[in-house]
Amino acid sequence: MDATQVFTYGQEGLTMLLMVAAPMLLSVLVVGLVVSIVQAATQLHEATLSFVPKLIAAVVVMAVAGPWMLTTLVEYIQRTLQAIPGAVG
């Protein structure tokens, strides 16, 4: 295994991490932004009003995109584990 293969596996891992985490992060970011704008407009600053909608958005995203996330991660891990014998020997 040379340095090029190591960097390729590292790049694939980081790309996979970004691709799988993006739906969750983006949905929570959008919900947080909307709630912050509403709180600023109404001057209602309650901690639970920012936490609960984010939690609900995260659960909805996991329910909708969770199977795709899991399938993507399992396929990546299978490819990586199957590539170990070729990389070592």
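Data table
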quantity	calculated
Residue-wise HN-Hα coupling along the range 18-28, computed from phi with Karplus coefficients 6.51, -1.76, 1.60 (Hz; x: Gly, Pro)	5, 5, 7, 7, 4, x, 5, 5, 5, 5, 5
Scaled radius of gyration (Cα, divided by 2.2 N^0.38 Å) that the chain gives	1.59
Fraction in percent of alpha-carbon pairs per bin - 5 Å, the range 38-82	5, 19, 14, 13, 11, 11, 9, 7, 5, 4, 2, 0
Calculated from backbone phi, Karplus (6.51, -1.76, 1.60) coupling profile of the range 49-58 in Hz, x at Gly/Pro	5, 9, 7, 4, x, 5, 5, 5, 4, 5
Equivalent-ellipsoid semi-axes of the range 1-43, from the Cα gyration tensor, Å, largest first	40, 8, 4
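None of the figures in this text is laboratory data; all of them are computed from the coordinates on show. Worth saying up front: this structure is predicted, and the values here are computed from it rather than measured.
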